[in-house]
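Contents: one structure, followed by commentary.
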Amino acid sequence: MNARKSLAVSALIATTVALSGCAAAGLQVASLDGVGTCDSVPVTLSVEQNDAGDQVEINYNGPTDVSFLAYQGVYSDSSFWGSLETESFIFNYPLDDDTSPFDYAINALDIQPDPWTVTSTGPSTMSVVFDGSVNSLVDSFQYNAAESGEELAMFDKLLPVTIAVFCEADVPSILVPDVTLDEDGAIDGFEVEIAQGLFPNFMYADAPTVTRQTAMNHGVRGRMVLPTEIIDALPEVVGDVQVSASLAFLGDSAPYGPVTEDQPFSLTDAELGDIWLLTLEATFVSDGSSPSFEITDSGSLADPMSFEFTGDTEPDDGYYLMMMMISDGGDTPEHFKIASSVAYYSSERGLTLSGLDEPIDLENLAATGGDPNVIIWAVLGGLVVLAAVVLRPKRRKAQAESTIDPSARKE
């Protein structure tokens with residue numbers, strides 16, 4: 001990859017991270033777990049993605065007179081361990097150029113063309129299935145390149161998306177420039193019935209392996225090899241790869257137990273949306289004292305790559321949430337994967353990585369500089385970055401009370 005292209009990919013990583021942190025508003029969701037009703041008729045919605053995060057299956061069952069919507073934002077059935085004021089929030093969306101305002105974009109999904117399949121299940125009910133690539137789904141979003149340019153179309157395929165059902169037919173794609181927020185920080189008067197999260201190019205994988213690790217000033221340096229699952233999920237190893245990482249300190253207590261006031265989250269069986277928000281909160285609300293995880297000498301994803309875990313001062317001993325964005329050198333979405341894990345740092349015994357819900361064996365850590373443990377790194381992807389917002393929906397309002405008129409929205 002030439003220097004110009006390498007800089008472009010680095011800028012993409014940086015801009016994706018920054019774009020996530022612009023701002024967000026809550027979006028009211030009436031019923032949880034993808035199960036609800038529209039006019040007393042049951043509706044269900046599920047969203048499943050493959051381990052590589054690049055294929056998605058959406059299944060809906062319910063009445064025909066509804067709208068299928070998508071927006072760039074995060075969803076959690078648990079309302080993020082019950083700590084926020086809504087189960088979903090939506091990012092605002094930059095338009096045209098850097099000086100334009102940030103609107104909230106809600107996209108109406110056209111369920112007629114392939115790979116959507118619509119089957120009648122009754123006089124006024126239907127089954128709807130999407131089975132295809134994340135790229136093709138996001139490419140269908142009308143507010144994408146038409147309103148915001150090809151660069152933002154790229155970001156859409158890396159940032160979380162929420163799929164939702166609205167209990168009203170023919171709601172268009174909309175850009176809402178001036179929303180009114182209620183006291184909970186949610187968009188006032190606009191509510192979807194059910195929703196589920198989609199996390200493009202988030203990756204599940206086996207553990208990378210650290211091949212050596214040595215103490216250095218304020219941290220450790222070492223070498224590690226990515227798991228074959230990540231390498232195989234990318235189109236090809238084209239050289240001059242980009243691997244970017246971010247760390248958020250979680251504390252010195254193991255983050256695997258039940259939720260308490262002192263520890264308002266648990267990584268055990270956590271939803272992907274919960275992990276995503278936890279990373280954003282810890283990264284952006286931190287005081288900037290978290291150490292860095294720098295990866296260098298990554299000419300090929302298949303080769304060992306050097307890393308340094310360091311801070312301006314000695315890093316705190318304890319647990320960190322680490323997110324990585326990995327590119328094989330290409331600059332389109334299929335060349336990117338996003339992965340995360342838990343890191344445990346000990347000033348005496350160095351850095352150990354673990355799966356998000358697999359407690360680290362602190363009794364058997366290798367000493368820094370000795371042969372390191374084979375790292376258990378069950379990767380669950382996450383983009384890094386955004387402050388936690390306090391948002392829970394009020395209970396369902398009547399659609400007639402909506403203060404946003406769909407017909408007045410810009411398509």
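If you scan segment 231-241, which residues turn out to be modelled with pLDDT of 80 or more and either assigned to a strand (DSSP E or B) or farther than 22 Å from Gly53 by Cα (or both)?
none
Determine if segment 112-129 includes at least one residue that is at pLDDT 85 or above and in contact with a helix residue (DSSP H, G or I) (Cβ under 6 Å, 6 or more places away or on another chain).
no
Hey, among the residues in segment 153-173 that are more than 13 Å from Leu109 (Cβ to Cβ) and surrounded by 21 or more Cβ atoms within 10 Å (Cβ to Cβ), which one's modelled with the highest pLDDT?
Only one residue tops the list, namely Cys167.
Please enumerate the residues belonging to segment 56-79 that are of a type in the set (D, E, K, R) and either outside any strand (DSSP E or B) or within 18 Å of Glu183 (Cα to Cα) (or both).
Asp65, Asp77
Give, as residue ranges, the strands (runs of 3 or more DSSP E) completely inside segment 175-230 that count at least 2 residues that are over 26 Å from the mean Cα position of the chain (by Cα), modelled with pLDDT of 85 or more and not small (Gly, Ala, Ser).
209-216, 219-225
Exactly one of these conditions fails for Glu271: (1) at positive phi; (2) modelled with pLDDT of 80 or more. Give me its number.
Only one criterion in (1) at positive phi; (2) modelled with pLDDT of 80 or more is unmet by Glu271, namely (1).
Which members of segment 49-62 meet the condition of being touching a residue at least 40 places away in the same chain (Cβ under 8 Å) and either surrounded by fewer than 20 Cβ atoms within 10 Å (Cβ to Cβ) or under 30 Å from Ile326 (Cβ atoms) (or both)?
Residues satisfying the conditions are Gln49, Asp51, Ala52, Gly53, Asp54, Gln55, Val56, Glu57, Ile58, Asn59, Asn61.
Looking only at segment 255-269, which residues are under 21 Å from the mean Cα position of the chain (by Cα) and within 14 Å of Tyr319 (Cβ to Cβ)?
Listed by number, the residues that qualify are Pro255, Tyr256, Phe265, Ser266, Leu267, Thr268.
Criterion first (more than 30 Å from Gln55 (Cα to Cα), out of contact with any helix residue (DSSP H, G or I) (no Cβ under 6 Å at 6 or more places or on another chain), surrounded by 22 or more Cβ atoms within 10 Å (Cβ to Cβ) and at pLDDT 85 or above) does Pro258 satisfy it?
no
Assess whether Gly36 counts as being over 16 Å from the mean Cα position of the chain (by Cα), at pLDDT 85 or above and not in a loop (DSSP other than H, G, I, E, B).
yes
Has segment 92-100 got any residue that is more than 24 Å from Ala169 (Cβ to Cβ), modelled with pLDDT under 95, buried (at least 16 other Cβ atoms within 10 Å of the Cβ) and out of contact with any Cys (no Cβ under 8 Å at 6 or more places or on another chain)?
yes
The values are calculated or read from the model by the stated rules, or taken from the named source; none is laboratory data. What you see is a predicted model; the values in this text were computed from it and never measured. Every residue, glycine among them, receives a Cβ derived from its backbone with ideal geometry; neighbour counts consider all protein chains shown.
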